[in-house]
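Notes follow once the structure below has been shown.
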Amino acid sequence: MATAPPVRHLLHLRYEHLTRDDARYPQLLEIAATISARVQALPPDSAVLDLTGAIRYFAAAPEDVAAMVRLRTVALAGVTTTAGLGPSRMLAAIAADAAEPGHLLAVPDDDHAIMRFLHPRPARALPGIGPATARTLARYGLDTVGDLARTPLPTIQRILGASAGLQAHHRAHAYDPRPVTPKAPPRTVTRTYRFERETLDAGAHDLGAVLRDSGTVARTVTVDIRHADRSTSTRTLPEATDHTPALMQAALAALDGFALQRARVRAVTVTVELGDQTTAPHQLTLDPADERHRRLEAATDRARRRFGPTTIGPATLYRAA
């Protein structure tokens, strides 16, 4: 007889009024770790905790353990939290998004209760479905999670592609096996580009060289526009990379998301989240142009190290005197 999978109780905490690189963030993670040994940082202002072991240890209900975490956070650090509790990381995160500020919203580990909670929500509430994907689904009348759940998998895959369609299908049926992986906040590298005159060029051409020199790769690229509304946009790369063209494309894609084609930009900050170059997987490609670019990149890196950082660079960045 097959055994039922173990029940999980995951808590998604969103710390209120935290800014990027807030010095209190490591302390908040340490406070969470006094309750659960499995705490995963989700910078800049969130964390997810696996409370399953803590519930057994304290012999308390999941909501009571969650309240304990939130009470310690406000008592020891003076930081209030908005929280979601659920049997998966996805449900806990969506519950935190739906909770009233400063409150906890719990999703019971019951199939009917999960569907009642999940199905009325817009499709974009699911992780992996951004604004562009949501607009694509809306053209086919798939506006809610329930619409996706009732649509056959082959149909979704024809709309979104095989991999993205399968993921959307799984998430619409509340299938999310992702574990809570204890880890420290990721290291980042930041470059700010200020322009003498208004421009639409994102810059960031030297980030790839910085990553390659330090033996690291970028997992995400965050672009912060120094503009009136100080908006930010994050792009998750298809794979971790230190390849300059891939970083540039991600930065430009983030800029496009601001719809600033006619706006004037005076400064751009590009931040990349770092990973280990030696352990990062790399998708093989048969594109000869990509291979040529990588060989050229290695040659320019050697010239730059020997003769200085401004010795050589992309031709598009140089203008005749």
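Only a single item in (1) at pLDDT 95 or above; (2) buried (at least 19 other Cβ atoms within 10 Å of the Cβ); (3) in contact with a Ser or Thr (Cβ under 6 Å, 6 or more places away or on another chain) is not met by residue 74, and it is number (2). Candidates are the residues of region 122-152 that are outside any helix (DSSP H, G or I) and among the charged types (D, E, K, R); the one that is most open to solvent (accessible area, probe 1.4 Å) is 150.
Taking the conditions (1) under 24 Å from the mean Cα position of the chain (by Cα); (2) assigned to a helix (DSSP H, G or I); (3) of a type in the set (Ser, Thr, Tyr) in turn, residue 155 satisfies each one other than (1). Evaluate region 59-69: report whether one residue or more is in a helix (DSSP H, G or I) and under 21 Å from the mean Cα position of the chain (by Cα). Looking for residues that are in a helix (DSSP H, G or I) and under 21 Å from the mean Cα position of the chain (by Cα), one finds none in region 59-69, hence no.
The values are calculated or read from the model by the stated rules, or taken from the named source; none is laboratory data. Since the model is a prediction, treat every value here as computed from it, not as a measurement. Heads up, the Cβs are rebuilt from the backbone with ideal geometry, glycines too, and the neighbour counts pull from every protein chain shown. Side chains are part of the model used for accessible areas, which takes the heavy atoms of the whole protein and leaves out ligands, DNA and RNA. Shrake-Rupley method; radii C 1.70, N 1.55, O 1.52, S 1.80 Å.
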